[in-house]
Structures are given as C-alpha cells and as structure tokens.
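Engineer: Okay, here's the structure, questions in a sec.
The values are calculated or read from the model by the stated rules, or taken from the named source; none is laboratory data. Values in this document were obtained by computation on a predicted structure and should not be read as measured data. Cβ placement follows ideal geometry from the backbone for every residue including glycine, while neighbour counts extend to all protein chains displayed. Surface areas here come from the heavy atoms of the whole protein model, side chains and all, with no ligands, DNA or RNA. Shrake-Rupley method; radii C 1.70, N 1.55, O 1.52, S 1.80 Å.
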Amino acid sequence: MDTKPLEIACPHCSAINRVPAARLRDAPACGRCRQALFAGAPAVLGAANFDQHARRSDLPLLVDFWAPWCGPCRVMAPAFEAAARELEPSVRLARVDTDAEPGLGTRFAIRSIPTLVLLHRGREIARQSGAMTTAQVVQWVRGQALPA
Ligand code: ZN
C-alpha cells in the first residue's frame with residue numbers, strides 16, 4: 001500500500017504541494033499562495049505551468065482545449081466548470097485556450113475544438129472531441145482506467 005503523500009500542483013500558482021490522500025477532501029490550501037487547492041473550477045494553463053500539472057502532479061489532469069471564437073466551446077464552458085465541482089479532488093480539470101497557447105495545441109495535435117484530453121503523469125490516457133454535457137464529461141472520465 002502506497003501511503004506516500006500525493007504531489008498536487010496548485011491551480012493558482014502551480015506550486016507543488018504534498019497532501020496525504022486521506023486529507024484531499026479536507027479543503028487543503030496551497031503552502032505558497034494560501035488559496036484553496038480545490039476551488040471547484042478549472043485551472044487556466046499555458047506553456048509556463050502546463051507540465052507542473054501534466055507531469056509533476058500525481059492527479060490525473062483533464063484538459064479542455066478550446067478557443068474564444070468557438071461557439072460549442074463557449075456552450076460547454078459552464079458544463080465543464082460544473083464537472084470540476086463533481087470530479088475534484090480525484091481529477092484536476094484545466095482549460096487551454098489554443099489561440100493564446102498554439103504550442104500546446106500543436107504538441108497535442110489538436111485538430112478540432114473542443115477536445116478533452118485526459119493525462120496522467122504526462123501520459124495521454126484518452127481523448128474525446130465535441131461538446132459534452134456535465135454528466136457526459138463526468139461519466140467519460142469515470143469510465144477511464146485511472147489510479148485509485
Ligand atoms: Zn498556490
């Protein structure tokens with residue numbers, strides 16, 4: 001049984017925090033910026049902080065690749081936000097604006113938006129294109145083989 005604390009990247013300042021798994025649901029705060037590690041909202045990621053969440057963190061990372069001009073993306077935004085409230089603290093949700101961060105769009109070969117990519121420790125586990133409801137996002141993530 002692995003009882004090592006989880007390393008969790010802060011959604012606000014991206015500092016790595018060590019949190020025992022048993023404390024995840026006790027509203028842990030970031031040791032650096034003092035804000036909540038789980039705010040019930042997607043983190044906004046770019047080239048500067050993406051790998052802190054995608055590679056350094058022990059939490060699975062669900063990324064919504066979107067763009068401001070994309071109608072279905074805007075429709076899906078509140079559903080994705082609601083999915084964050086349901087899936088935290090087991091999964092970190094994040095959004096990447098592919099207009100502002102074309103390098104990340106290229107790295108993940110994003111051909112259509114919205115596209116959801118589920119990552120764990122830098123490895124892609126699954127992806128799904130097209131707008132989804134909150135229930136569809138939650139069901140899709142829970143149907144993937146994720147670490148307990
Ligand atoms: Zn922080």
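Engineer: Restricting the search to segment 134-148, which residues are under 19 Å from residue 74 (Cα atoms) and either surrounded by fewer than 14 Cβ atoms within 10 Å (Cβ to Cβ) or in contact with a His (Cβ under 9 Å, 6 or more places away or on another chain) (or both)?
Structural biologist: 135
Engineer: Considering only segment 80-92, I want to know if a residue exists there that is part of a loop (DSSP other than H, G, I, E, B), more than 14 Å from the chain's Cα centre (by Cα) and at pLDDT 95 or above.
Structural biologist: To start, the set of residues in segment 80-92 that are part of a loop (DSSP other than H, G, I, E, B) comprises 88-91.
This time we only want the ones that are more than 14 Å from the chain's Cα centre (by Cα), so: none.
No, segment 80-92 contains no residue that is part of a loop (DSSP other than H, G, I, E, B), more than 14 Å from the chain's Cα centre (by Cα) and at pLDDT 95 or above.
Engineer: Report the residue count in segment 103-133 for those that are part of a helix (DSSP H, G or I) and open to solvent by less than 30 Å² (accessible area, probe 1.4 Å).
Structural biologist: As a first pass, look at segment 103-133 and keep what is part of a helix (DSSP H, G or I): 103-107.
From the residues that got through so far, the ones that are open to solvent by less than 30 Å² (accessible area, probe 1.4 Å) too are 104-105.
Of the residues in segment 103-133, 2 are part of a helix (DSSP H, G or I) and open to solvent by less than 30 Å² (accessible area, probe 1.4 Å).
Engineer: Can you tell me which residues in segment 55-73 are open to solvent by less than 30 Å² (accessible area, probe 1.4 Å) and either closer than 13 Å to residue 101 by Cβ or in a loop (DSSP other than H, G, I, E, B) (or both)?
Structural biologist: 57, 58, 59, 60, 63, 64, 65, 67, 70
Engineer: Right, residue 35: farther than 19 Å from residue 121 by Cα and either touching a Cys at 6+ places or on another chain (Cβ under 8 Å) or not small (Gly, Ala, Ser) (or both) or not?
Structural biologist: Values: farther than 19 Å from residue 121 by Cα: yes; either touching a Cys at 6+ places or on another chain (Cβ under 8 Å) or not small (Gly, Ala, Ser) (or both): yes.
Criteria met by residue 35.
Engineer: Search segment 24-53 for residues that are charged (D, E, K, R) and pair each with any residue that is near the ligand (Cβ under 10 Å from one of its atoms) when their beta-carbon atoms are under 6 Å apart and the residues are at least 6 apart or on different chains.
Structural biologist: 32/13; 32/15
Engineer: Would you please name the residue that is nearest to the ligand (Cβ to nearest atom), looking only at residues in segment 7-18 that are over 13 Å from the mean Cα position of the chain (by Cα) and touching a residue at least 40 places away in the same chain (Cβ under 8 Å)? Write out each step before concluding.
Structural biologist: Of the residues in segment 7-18, the ones over 13 Å from the mean Cα position of the chain (by Cα) are 7, 13, 15-18.
Okay, now just the ones that are also touching a residue at least 40 places away in the same chain (Cβ under 8 Å), so 7, 16.
Values: 7: 13, 16: 10 Å.
Across segment 7-18, the extreme among qualifying residues is 16.
Engineer: Search segment 19-54 for residues being outside any loop (DSSP other than H, G, I, E, B) and more than 13 Å from the ligand (Cβ to nearest atom), and hand back the single one that is nearest to residue 96 (Cα to Cα). Walk me through how you get there before you give the answer.
Structural biologist: Quick first cut of segment 19-54, residues outside any loop (DSSP other than H, G, I, E, B) only: 19, 21-23, 29, 36, 43-44, 50-54.
Still in the running and more than 13 Å from the ligand (Cβ to nearest atom): 21-23, 44, 50-51, 54.
Values: 21: 27, 22: 30, 23: 28, 44: 6, 50: 9, 51: 12, 54: 12 Å.
The extreme case among them is 44.
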